[in-house]
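Working notes for the structure below.
The values are calculated or read from the model by the stated rules, or taken from the named source; none is laboratory data. These numbers were taken from a predicted model, which means no experiment stands behind them. Glycine gets a Cβ as well: all are built from the backbone with ideal geometry, and neighbour counts include every protein chain shown.
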Amino acid sequence: MNAQFEPIRAAGDTSTLRADVRAFLAEKVAELPPEVRAQSWSGWDDALSADMGERGWIGMTWPTAFGGQAASQLERYTVVEEMLAAGAPVAAHWIADRQSGALILKFGSDDLKRELVPQIAAGKLFFCIGMSEPNSGSDLASLRTRAEKVDGGWSVSGSKVWTTFADKSQFMIALVRTTHQDTRSSREGLSQLVVDLSSEGVTIRPIEDQTGAAHFCEVFFDSVFVPDGMLLGEEGQGWAQVTAELALERSGPERFLSSHVLLELACETLNEQPDDAMLALLGEWAAELWVLRQMSLSVASRLERGEAPMLEAAIVKDLGARYEQSIARDLSGAFRASSFRDAGAGIEPVLSYLVANSPCFSLRGGTREILRGIIARELGLR
């Protein structure tokens with residue numbers, strides 16, 4: 001099997017939509033300090049999410065019956081990349097818009113769709129992802145959180161870790177083991193449940209990182225009751241469902257735009273203080289960014305056709321994380337070694353933030369080792 005990244009030709013004109021989004025960002029985001037904008041899809045702002053929901057910019061591709069706009073993937077992509085490039089704090093609705101809502105629409109009951117999806121599209125209901133566990137990490141087949149069948153639903157016990165913004169979310173889509181397995185690691189017997197995080201028996205503990213931020217959380221389940229109607233898809237089909245979900249998680253523009261605010265500041269500084277070495281480096285980044293964008297758009301096109309491009313999504317995520325990290329790393333060196341250091345206060349706090357946080361870019365969505373294992377397997381190399 002070979003990776004397939006088809007050339008993308010726009011199916012319609014998105015210039016009006018792009019202009020509307022930029023006008024919105026000029027009003028809501030442009031005045032935020034650069035170090036705040038650098039957080040982008042790690043930055044939380046309930047009010048901004050609600051404003052986007054009012055404009056129909058959350059769940060854009062979903063059916064109108066559930067609060068969506070029945071828009072194309074290209075239109076959604078236009079909104080997402082403009083938000084990320086500007087550094088809009090979109091974390092509140094990010095996971096629900098990107099994957100949780102789509103999963104509920106595909107695998108949820110009609111009642112669950114009617115109850116949750118319109119609220120997601122309105123920017124009022126936030127989700128987190130319950131995959132990684134202690135001693136499991138990216139090896140989801142070895143997870144231990146169990147859901148035992150009880151009258152009217154399931155009793156969930158276990159824990160999740162590195163769960164982004166669980167403390168601010170109302171719901172989690174949790175991957176749990178619903179069938180006992182004798183083997184230590186098995187893809188069989190896994191199911192996905194929508195867990196109300198306000199339920200009795202749920203405990204959430206934020207994890208503070210070296211910068212003092214607490215984006216990640218530990219989540220503990222002590223015999224938490226989850227009604228039957230919160231099961232996504234069929235019992236035991238969680239592995240197939242979650243692999244499709246990961247294609248959504250790994251291939252979007254967030255995989256290569258996390259350092260974009262820093263890149264723009266570097267461009268502004270170069271206009272004022274020309275530096276040949278930095279200009280050459282900037283040219284390399286621009287070329288790489290354009291290629292990554294085309295690859296990401298190709299995956300989005302295939303997702304719209306109902307395909308599951310796991311290989312291509314893994315490649316985008318792996319190359320995108322390396323690109324994002326290189327900007328922070330290389331600019332840090334240039335900032336200290338040349339006249340570029342005179343750029344002033346604009347760049348330094350953004351650079352400090354990204355140098356501290358960029359190592360996690362190759363963790364979220366699957367570690368580099370896991371991704372390259374997927375790539376090797378899909379290419380028939382292992």
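Considering region 287-345 alone, what residues qualify as being at pLDDT 85 or above, out of contact with any helix residue (DSSP H, G or I) (no Cβ under 8 Å at 6 or more places or on another chain) and among the hydrophobic types (A, V, I, L, M, F, W, C)?
Passing the criteria: Ala287, Trp290, Val291.
Select from region 40-67 the residues that are assigned to a helix (DSSP H, G or I) and without any contact (Cβ under 8 Å) to a residue 24 or more places away in the chain and write down the one among them that is nearest to the chain's Cα centre (by Cα).
First, pick out the residues of region 40-67 that are assigned to a helix (DSSP H, G or I): 40-42, 46-54, 64-66.
Cutting the leftovers down to without any contact (Cβ under 8 Å) to a residue 24 or more places away in the chain gives us 47, 64-65.
On the way: Ala47: 20, Thr64: 24, Ala65: 25 Å.
Ranking the candidates gives Ala47 first.
Name every residue in region 268-299 that is farther than 13 Å from Phe256 by Cβ and among the small types (Gly, Ala, Ser), in order of residue number.
Initial filter on region 268-299 (farther than 13 Å from Phe256 by Cβ): 268-284, 298.
Correct list: Ala277, Ala280, Gly283, Ser298.
Go through region 199-246 residue by residue and tally those that are modelled with pLDDT of 90 or more, more than 26 Å from Leu303 (Cβ to Cβ) and of a type in the set (A, V, I, L, M, F, W, C). Please lay out each step first, then the result.
Of region 199-246, the ones modelled with pLDDT of 90 or more are 199-207, 216-238.
Applying the additional criterion that residues be more than 26 Å from Leu303 (Cβ to Cβ) yields 199-207, 216-229.
Next, from what is left, pick out any that are of a type in the set (A, V, I, L, M, F, W, C): 202, 204, 207, 216-217, 219-221, 224-226.
Residues meeting the conditions: 11.
For region 37-54, what are the residues that are surrounded by fewer than 18 Cβ atoms within 10 Å (Cβ to Cβ) and of a type outside the set (Asp, Glu)?
From region 37-54, those surrounded by fewer than 18 Cβ atoms within 10 Å (Cβ to Cβ) are 46-47, 50-51, 54; that's our starting set.
Once the filter is applied, which keeps residues that are surrounded by fewer than 18 Cβ atoms within 10 Å (Cβ to Cβ) and of a type outside the set (Asp, Glu), region 37-54 yields Ala47, Ala50.
Could you run through region 86-131 and say how many residues are surrounded by 21 or more Cβ atoms within 10 Å (Cβ to Cβ) and in a loop (DSSP other than H, G, I, E, B)?
Selection size over region 86-131: 9.
Out of the residues in region 346-382 meeting the condition of being over 24 Å from the mean Cα position of the chain (by Cα) and at pLDDT below 80, tell me which one is farthest from Asp209 (Cα to Cα).
If we take residues in region 346-382 being over 24 Å from the mean Cα position of the chain (by Cα) and at pLDDT below 80, then Arg382 is farthest from Asp209 (Cα to Cα).
Hey, which of the strands (runs of 3 or more DSSP E) in region 140-223, taking only ones fully inside, have at least 2 residues that are closer than 30 Å to Leu354 by Cα and touching a residue at least 24 places away in the same chain (Cβ under 8 Å)? Quick ask: steps written out before the conclusion?
On the way: elements: 146-150, 153-164, 171-177, 190-196, 202-207.
Where strands (runs of 3 or more DSSP E) fall fully within region 140-223 and carry at least 2 residues being closer than 30 Å to Leu354 by Cα and touching a residue at least 24 places away in the same chain (Cβ under 8 Å), they are 153-164, 171-177, 202-207.
Inspect region 272-285 for any residue being at pLDDT 85 or above and touching a Phe, Trp or Tyr at 6+ places or on another chain (Cβ under 6 Å) and give the result as yes or no. Walk me through how you get there before you give the answer.
Initial filter on region 272-285 (at pLDDT 85 or above): 279-285.
Filter again for touching a Phe, Trp or Tyr at 6+ places or on another chain (Cβ under 6 Å), leaving none.
Among the residues of region 272-285, not one is at pLDDT 85 or above and touching a Phe, Trp or Tyr at 6+ places or on another chain (Cβ under 6 Å), which makes the answer no.
Filtering region 68-85 down to residues that are part of a loop (DSSP other than H, G, I, E, B) and among the hydrophobic types (A, V, I, L, M, F, W, C), which residue is farthest from Ser258 (Cα to Cα)? If you could, list the steps in order and put the result at the bottom.
First pass over region 68-85, keeping only residues part of a loop (DSSP other than H, G, I, E, B): 68-72.
Narrowing further to those that are among the hydrophobic types (A, V, I, L, M, F, W, C): 70-71.
On the way: Ala70: 28, Ala71: 25 Å.
That would be Ala70.
Any residue that is at pLDDT below 95, on the phi < 0 side of the Ramachandran plot and out of contact with any helix residue (DSSP H, G or I) (no Cβ under 8 Å at 6 or more places or on another chain) - is there at least one of those in region 37-58?
no
For region 160-173, does any single residue satisfy the condition of being closer than 27 Å to Pro33 by Cβ, surrounded by fewer than 20 Cβ atoms within 10 Å (Cβ to Cβ) and at pLDDT 95 or above?
So far as region 160-173 goes, yes, one or more of its residues are closer than 27 Å to Pro33 by Cβ, surrounded by fewer than 20 Cβ atoms within 10 Å (Cβ to Cβ) and at pLDDT 95 or above.
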